[in-house]
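Single-structure report; data block below.
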Amino acid sequence: MIALNETWLVAYIELAHSYAALKNDEEALKYYLKAIRIANLTGQEIKDNLVFQRAGSIYIGLEKWEDARVMFLMCAEQFKTSFSFFNLGVANYHLGFYDEAEKVLAIVNLMDSSNALTWAYLALSLLSK
């Protein structure tokens, strides 16, 4: 078995960011997921919120709602940004978890009450219930 070098985490994150900057979502996602696996295997904490945000955004673009939900759930637990909560709410809405979507989007509305998309998804969640 190969021992994982702890510096690989930073290398994979930077490589993923490079592919994301080049708009190569497939490669970026591959390296974001490798970075997350390395962090889990070595017990390291990922301190860069862009790892989860960009991976989740790629999943949303691919309409892989369950995977996007997992990414934004991890991001929202650790970083608590309106971006991560909003996208968690969007993923919940598309999965049919309307109660969860409503709760999360209400938090987003408190964090940033100027986002019209938050109002739209909140209204859709309430109508769908």
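The values are calculated or read from the model by the stated rules, or taken from the named source; none is laboratory data. It should be emphasised that the depicted structure is a prediction, and the values quoted were computed from it without experimental measurement. A quick note on method: Cβ atoms are made from the backbone with ideal geometry, for glycine too, and the neighbour counts reach across all protein chains shown.
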* From the options Ile38, Ile46, Ile58, Ile13, residue that is under 12 Å from the mean Cα position of the chain (by Cα), surrounded by 15 or more Cβ atoms within 10 Å (Cβ to Cβ) and in contact (Cβ under 8 Å) with a residue 24 or more places away in the chain -> Ile58
* In this structure, does Ala76 turn out to be within 15 Å of the chain's Cα centre (by Cα) and assigned to a helix (DSSP H, G or I)? -> yes
* Those residues of the stretch 24-74 which are in contact with a Gly (Cβ under 9 Å, 6 or more places away or on another chain) and among the basic types (Lys, Arg), in sequence order -> Arg69
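Look through Ile58, Ile107 and report the one residue that is at pLDDT 95 or above and either within 22 Å of His17 (Cα to Cα) or not in a helix (DSSP H, G or I) (or both).
Ile58
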* Subset of the stretch 110-124 that is touching a helix residue (DSSP H, G or I) at 6+ places or on another chain (Cβ under 8 Å) and not polar (S, T, N, Q) - its residue that is modelled with the lowest pLDDT -> Asp112
